[in-house]
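First up is the structure itself, then whatever we jot down about it.
Read-outs throughout are calculated quantities, based only on the coordinates presented, and are distinct from any laboratory measurement. These numbers come from a predicted model, not from an experiment. Virtual Cβ from ideal backbone geometry, glycine too; neighbours counted across all protein chains shown.
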Amino acid sequence: MDYSVETQRKAAAVMKTIHQQLSDTIAQLKWDCYDDVVVQIGGASVYAIDGAGTKWAPKKGTRKYNKDAFIVIKNKNHNPVVPSKYFGSKEEKE
């Protein structure tokens, strides 16, 4: 990723504008400071076919972010994984 000075300044400017909104939203959701929170990017694609490494045929595994990509903030403590239940086959039920 590009972590140039200009990129860092742009990120800092965005954070200044949304900091209060983010803080208010986290308080509204009643998240705790000890919760397991992760930040992810949505709206991306990863190329599965190996190409020549050009703009039109990128190398396999190249990640491309769409123009409408978005940031996802997940609280893993409030998203429990519930496994599906096995009900067996029809013969076992009868």
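Figures for the structure shown
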| read-out | value |
| --- | --- |
| Cβ-based exposure ranking for His19, His78, in which fewest neighbours within 10 Å come first | His19, His78 |
| Sites Met15 and Val38 - FRET efficiency at Förster radius 25 Å, r taken between beta-carbons, to 0.05 | 0.90 |
| Cα-based equivalent ellipsoid of the chain: semi-axis lengths in Å, sorted from largest, via gyration tensor | 36, 29, 9 |
| Percent RCO, i.e. relative contact order, over the chain, from Cα pairs under 8 Å lying at least 6 residues apart | 25 |
| q = 0.20, 0.25, 0.31, 0.32 Å⁻¹, segment 32-80: log10 I(q)/I(0) [Debye, one scatterer per Cα] | -0.73, -0.88, -1.05, -1.08 |
| Percent RCO, i.e. relative contact order, over segment 32-80, from Cα pairs under 8 Å lying at least 6 residues apart | 48 |
| Ser45, Ser84 arranged by Cβ crowding within 10 Å, fewest neighbours leading | Ser84, Ser45 |
| Filter on Lys30/Lys64; Lys16/Lys59; Lys30/Lys85; Lys16/Lys74; Lys10/Lys55; Lys16/Lys55 - keep pairs with C-alpha separation over 29 Å | Lys30/Lys64; Lys16/Lys59; Lys30/Lys85; Lys16/Lys55 |
